[in-house]
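Supplied in structure tokens, the structure appears directly below.
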Amino acid sequence: MTLTGLIGRICMFPLQLIISTCVALKIHPNILTFVGLLINVAAACALGAGRFILAGFIMGVANIFDFIDGKVAHELNAVSVFGGFWDSVIDRFSDIALFVGLIYLYSRLGRTDYVMITALAMMFAIMTSYTRARAESLITKCKVGFMERPERIVLFLIGAFTNRMAAVMWVIGVLSVFTVADRIIYTYRELRAVPDKVVA
Amino acid sequence: MNRAATLPVRILWNAFFWTYERATWQYDLMVIAILAFVWLTPPDWLNDPMASGQGPVGWLLSMID
């Protein structure tokens, strides 16, 4: 087993307990998704106030909701097409909220350089999701590139808890650019393989 | 990727054009590289608005000097 695989297994124990509780209380997964967004907005406020440790804890709680909604939906047999759509949309709002919190902080500190770096990281993070969504309307699957949402979340947590948010913004920004490029190249290659397919 | 490409070029290409799943040794290696950058790069080098100091790398460099 790999190191990251082991960490994932260890984290699953408390999460399974929370999932079981939500299932027992029959909490609708769409509500869990929305609560996750509200908590992420609170985390963004903490980031904007420069209180990174507090933001880290709030993000941790928010991401528990983000993670469990799909599992709860499965266990409650409440999986729906709208649920998937709702989850994706709310995830984007959560992503943007955290970046906006940081942009507010850096602009308050008069750091235009990091306002730009964070804004670009936000732009490419959103484009990462968009390119995959758009690609998968044309091809079967487009799961290439390293910097997806779980990686961004973990990096935000690391940046907040260890006060290394600037380095984290560089990593998210650069790797998101690569991820978007990967998805464009991959989609181009896949579509080139079926030249007769005309897409509006 | 062309088979004739040298090993460093292939490594760089595979790191750029990422197709590995999570929980693979390649993924672990990338995670270690990212964490090394985040934790070892001195905040002063990045002009970090919220952190300062030389960090572990700066500390090591000052030990060498």
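Which of rounded, prolate, oblate describes the protein assembly as shown, given a ≥ b ≥ c as roots of the alpha-carbon gyration tensor eigenvalues and a/c under 1.5 marking rounded, otherwise prolate only if a/b is larger than b/c?
Values: a/c = 1.55, a/b = 1.08, b/c = 1.44.
Here the protein assembly as shown falls in the oblate category.
Within a Cβ distance under 14 Å of A:M147, other residues only, what is the Lys/Arg minus Asp/Glu net charge?
Details: positive: A:R132, A:K143, A:R149, A:R152, A:R183, B:R22; negative: A:D95, A:E148, A:E151, A:D182.
Its environment carries a net charge of +2.
Hey, another quick one. Do any trypsin sites (Lys or Arg not before Pro) in the range A:116-187 lie in a DSSP loop with no more than 11 other beta carbon atoms within 10 Å, and if so, which?
Within the range A:116-187, the qualifying trypsin sites (Lys or Arg not before Pro) (loop, at most 11 other Cβ atoms within 10 Å) are A:K141.
Tell me the total accessible area that A and B bury against each other, 1.4 angstrom probe, in square angstrom rounded to 100.
Roughly 2700 Å².
Between A:T112 and A:R189, what length comes free when the chain is fully extended (0.36 nm per residue of separation minus the Cα-Cα distance, one decimal in nm)?
That pair, A:T112 and A:R189, stretches by 23.9 nm at full extension.
Separate question: If R₀ is 30 angstrom, what is the calculated FRET efficiency for the pair A:L120 and B:D44, using the beta carbon separation as r and rounding to 0.05?
Calculated value: 0.85.
Along the charge dipole of chain B, which of B:A15, B:M30, B:V57 sits closest to the positive end, that is, farthest toward it, with unit charges on the beta carbon of Lys, Arg, Asp and Glu (+1, +1, -1, -1)?
B:A15
Report, in debye and to the nearest 20, how large the dipole of the range A:50-200 comes out about its Cα centre when Lys and Arg carry +1 and Asp and Glu carry -1 on their Cβ.
320 debye
What do you get for trypsin sites (Lys or Arg not before Pro) in the range A:17-76 restricted to DSSP loop and a cutoff of at most 14 other Cβ within 10 Å of the site's Cβ? Before the final figure, lay out each step's value.
Working: sites: A:K26, A:R51, A:K71; in loops: A:K26, A:R51.
Filter output for the range A:17-76: A:K26.
For peptide B:48-55, compute the average count of partner chain beta-carbon atoms within 10 Å of each residue's beta-carbon.
Numbers: counts 9, 13, 13, 8, 1, 0, 0, 2.
Partner Cβ neighbours, averaged per residue: 6.
At 1.4 Å probe size, put A:T140, A:T33, A:T21 in order of accessible surface, largest to smallest.
A:T140, A:T21, A:T33
For chain B, which trypsin sites (Lys or Arg not before Pro) are in a loop by DSSP, counting at most 11 other Cβ atoms within 10 Å?
Taking chain B and a limit of 11 other Cβ atoms within 10 Å, the loop trypsin sites (Lys or Arg not before Pro) found are B:R3.
Count the lysine pairs in the protein assembly as shown that are 8 or more places apart or on different chains: how many have C-alpha atoms under 26 angstrom apart?
The result is 5.
Out of every Cα-Cα pair in the range A:115-200, what percent are more than 15 Å apart?
Value for the range A:115-200 (Cα pairs over 15 Å): 59 percent.
On the protein heavy atoms, probe 1.4 angstrom, tell me the percent of accessible surface of the range A:74-172 carried by carbon and sulfur.
Carbon and sulfur atoms account for 70 percent of the accessible area of the range A:74-172.
Can you give the Rg/Rh ratio of chain B, where Rg is from the C-alpha atoms and Rh is the Kirkwood radius?
1.14
Taking the simple approach of a point 7 Å from Cα along Cα-to-Cβ for both A:A78 and B:D28, what is their distance in nm?
About 3.8 nm, to one decimal.
What is the magnitude of the charge dipole of chain B about its Cα centre, with +1 placed on the Cβ of each Lys and Arg, -1 on the Cβ of each Asp and Glu, and no other charges, expressed in debye to the nearest 20?
Numbers: 3 positive and 5 negative charges, 82 e Å.
That gives a dipole near 400 debye.
Evaluate E = 1/(1 + (r/R0)^6) for A:Q16 and A:N163, where r is the Cβ-Cβ distance and R0 equals 30 Å; express this FRET efficiency to the nearest 0.05.
Efficiency, rounded to the nearest 0.05: 0.45.
May I pose another question? For a quick check, take a GNM of chain A with Cα springs below 10 Å and name the residue from A:G84, A:G101, A:G56 with the largest mean-square fluctuation.
A:G84
Let me ask another. Mind checking which of A:V79, A:V180, A:V168 has the largest fluctuation in a GNM of chain A, springs on alpha carbons under 10 Å?
Among A:V79, A:V180, A:V168, the largest GNM mean-square fluctuation belongs to A:V79.
Mind checking the dipole of the protein assembly as shown: about its Cα centre, +1 per Lys or Arg Cβ, -1 per Asp or Glu Cβ, Debye to the nearest 20?
Working: 21 positive and 18 negative charges, 86 e Å.
So the dipole magnitude of the protein assembly as shown works out to roughly 420 debye.
Once ligands and nucleic acids are excluded and a 1.4 Å probe is used, how much of A:F93 is accessible, expressed in Å² to the nearest 10?
Probe radius 1.4 Å; accessible area of A:F93 about 120 Å².
The values are calculated or read from the model by the stated rules, or taken from the named source; none is laboratory data. Computed from a prediction, not measured in an experiment: that's the story for all the values here. Cβ atoms come from the backbone with ideal geometry, glycine included; neighbour counts cover every protein chain shown. These accessible areas exclude ligands, DNA and RNA; they are computed on the full protein's heavy atoms, side chains included. Shrake-Rupley method; radii C 1.70, N 1.55, O 1.52, S 1.80 Å.
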